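Notes to accompany the following structure.
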Amino acid sequence: ARFDFSWHDPEYHQETLENLKAAVKLTKKLCAVMLDTVGPELQVVNKSEKAISLEADATVILTPDEGQEASSNLLPINFDGLSKAVKKGDTIFIGQYLFTGSETTSVWLEVSEVQGNDVVCVIKNTATLTGALFTLHASQIRIELPTLSDKDKEVISSWGVKNKIDFLSLSYTRHAEDVRHAREFLSKQGDLYQTQIFAKIENIEGLNHFDEILQEADGIILSRGNLGIDLPPEKVFLFQKAALYKCNVAGKPAVVTRVVDSMTDNLRPTRAEATDVANAVLDGSDAILLGAETLRGLYPVETISTVGKICAEAERVFNQDLYFKKTVKYVGEPMTHLESIASSAVFIHPNDSIVNNVFIIVRAAIKVKASVIICFTSSGRAARPTMPVLSVVIPRLKTNQLKWSFSGAFEARQSLIVRGLFPMLADPRHPAESTSATNESVLKVALDYGKASGVVKPHDRVVVCQKVGDASVVKIIELED
C-alpha cells in the first residue's frame, strides 16, 4: 500500500493506514507500507480552488509570488528558481495528473520569455485545471532542490517512524548519492534502518545515472508519468525494457507505474492499456503500481480486478526458460560457489546471503512437476523460479538487554514485492534451522496457508527446502486429499 505524501496531510494518511490495519487483521493477509516522498516537486498554488480555464495560443505567467491569486493569466508556483532554470523554447507541463496527450485536465506550455523572477509561457492546448495544487514539470530541466526535502524528512521521522514503514519511495532520484543520503537518514530513525529504498526514476537525469542508482537502491520504480513527458514517446518502451532487464539481472525488484490511466474515469481500460499491462509483466516487472485510478478514480475495485486478471494471463505465458538463460549468460563464468548452486535452478544475486539460510533446488521441483516450493528462512530472501514459492519466514528473538523482541515481520512484508513469492510469518518457536528434517508442525502451517491462498491443491507435489545443521535438505512431498 503506497502512501503518497504529494497529496493530503499525515492525518489523512494515518486514517487510511488504520483502515488498512483493520483489513489486514480481518483478512489475515500481510501488507507492506510504502511512503512515497514529495521530493523536488514543483507545484502551482491555487488557494481559492476555483477551476482555471486555459485557452490554446494564449499567454500565462508563472510567478514565485504565492500571495497572488491563481487565474487564467497568472499561476503562482512554490519555487523561486524556475526563471533561472528555464529559457525560451523550453517545455513545461502543469496538471493534477500531468499531461498524457489526450486528457484536458493538464496543460502543455512553451516558454516564450523570462521577465525577472516570472516566466512567460504560450499555452499549447486548451485545458481546465481544478483543485488546490497542480504538479509542474519542466521537461529535461534540472531543478536545484534536494531530492529528500526537509518536508520529506519531517514526515519520515514522525509518520514513518511511528508506523515502521517497510519501503521508502524516493521521488525524483537523480544520482546514487541521493539513495546513499536517504539511507544514512533512515539509519538514524530507529527501526527504519531496515526500511528498503526504492528509487523512483522519473526524469532524464535519473535515466542517465540509472546503472549507479540501481546498484545503490533496493529496488526501482519506473515512474512513467513524468518520464513520458521527459522522453520522446517513441523512446519510452525502449527505456522500460532496458531498465527491467537490468533490474532482473541485478536481482532487484522493479515496479512499473501509469498503466491504465483511462480507468480513472472509465470502467474498462483501452486495448492499448491492456496490452501495456501484459507487456510490463512479460518484460519482467515485479509489480504494477496504480495511482490516480485508485486515489481519486471512479472505479478503484474494478481497476485492481482488471489489472490483476491481465497480469495473471501474462504470467501464464511468461518465458521462464529464456529469462533464466539470460541471467545465467549475464553472470558468465567462472561462477562463484553461491552462483553455482543457485544456477541449478534460478538466478540469485551474488550479494544475497541466501546460502546461509536456505537455497531453492528448482530442478527437482521441475522434474517432479511440483506445484509449489516451500522454503524456511530467517532472511526472507528468495529467488524467482517457474512455480510459486511459499517463503516461511521464522521470526528471530533478540534483546537489547532491556527488552526482548522478534524480528522477521519487516522481511516477510518486504518480500511481498518480489514476483512469485508468497511470504508468511511462522511461529517463532519453530526455528528455520532444525537439528532434524522433520519439523512437521511448521510445515503443516505452511501447507495450510498454501491451500488457503490457492497455490496448493490435493494430490499436488511440493518441494520443501530446510536447513538442517550445516546442510540444506530438500524433501519432495505428495499431498493426499
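General remarks:
- Above 25 Å, the calculated P(r) of the stretch 42-139 contains 6 percent of its Cα-Cα pairs.
- The local environment of residue 202, defined by Cβ-Cβ distances under 14 Å, has a net charge of -1 under the rule Lys, Arg +1 and Asp, Glu -1.
- The modelled label-to-label distance for the pair residue 271/residue 151, using points 7 Å beyond Cα in the direction of Cβ, is 4.2 nm.
- Taken about its Cα centre, the stretch 95-223 carries a charge dipole of about 340 debye when Lys and Arg each add +1 at the Cβ and Asp and Glu each add -1 at the Cβ.
- Across the stretch 42-139, C-alpha contacts under 8 Å between residues 6 or more apart give a mean separation that, scaled by the residue count, equals a relative contact order of 38 percent.
- Label-point separation, residue 427 to residue 125 (7 Å along Cα→Cβ), nm: 5.9 nm
- Neighbour net charge for residue 302 - beta-carbon separation under 13 angstrom, K R +1, D E -1: 0
- Extreme residue, positive dipole direction of the stretch 42-139, given options 91, 77, 121 (C-beta unit charges): 91
- Residue by residue, the stretch 221-231 carries 3J(HN,Hα) couplings of 10, 8, 8, 6, x, 6, 4, x, 10, 8, 9 Hz when phi is fed to the Karplus relation 6.51 cos²θ - 1.76 cosθ + 1.60 (θ = phi - 60°); x denotes Gly or Pro.
- Interchain or long-range residues, amide H under 5 Å from residue 374's placed H: 390, 463, 464, 465
- Reported value for the stretch 127-245: 125 Å³ per residue, from the convex hull of its C-alpha atoms.
- Overall dimensions of the stretch 55-203, expressed as equivalent-ellipsoid semi-axes from the Cα gyration tensor (√(5λ), whole Å, largest first), are 34, 16, 15.
- Between amide H atoms placed 1.01 Å from N, distances below 5 Å from residue 140 occur with 204, all of them 5 or more places distant or on a separate chain.
- The gain in end-to-end length when the residue 29 to residue 57 segment is fully stretched comes to 4.8 nm, 0.36 nm per residue minus the alpha carbon separation.
- With the simple model of a label 7 Å out from the Cα in the direction of the Cβ, residue 162 to residue 319 spans 5.0 nm.
- Here r is the Cβ-Cβ distance between residue 8 and residue 396 and R0 is 30 Å; the resulting FRET efficiency, rounded to 0.05, is 0.25.
- Full-extension gain in nm, residue 110 to residue 407, via 0.36 nm per residue minus C-alpha separation: 101.6 nm
- A cut-off under 12 angstrom between Cβ atoms defines the neighbours of residue 57, and their net charge, with Lys, Arg +1 and Asp, Glu -1, is -1.
- To the nearest 10, the accessible area of residue 265 is 100 Å² with a 1.4 Å probe.
- Peptide packing for 271-282, 173-184 was compared via the average number of neighbouring C-beta atoms within 10 Å per residue; ordered from the highest value, the list is 173-184, 271-282.
The values are calculated or read from the model by the stated rules, or taken from the named source; none is laboratory data. Predicted, not measured: the structure shown is a model, and the values here were computed from it. A quick note on method: Cβ atoms are made from the backbone with ideal geometry, for glycine too, and the neighbour counts reach across all protein chains shown. Note: areas computed on protein heavy atoms with side chains; ligands, DNA, RNA excluded. Shrake-Rupley method; radii C 1.70, N 1.55, O 1.52, S 1.80 Å.
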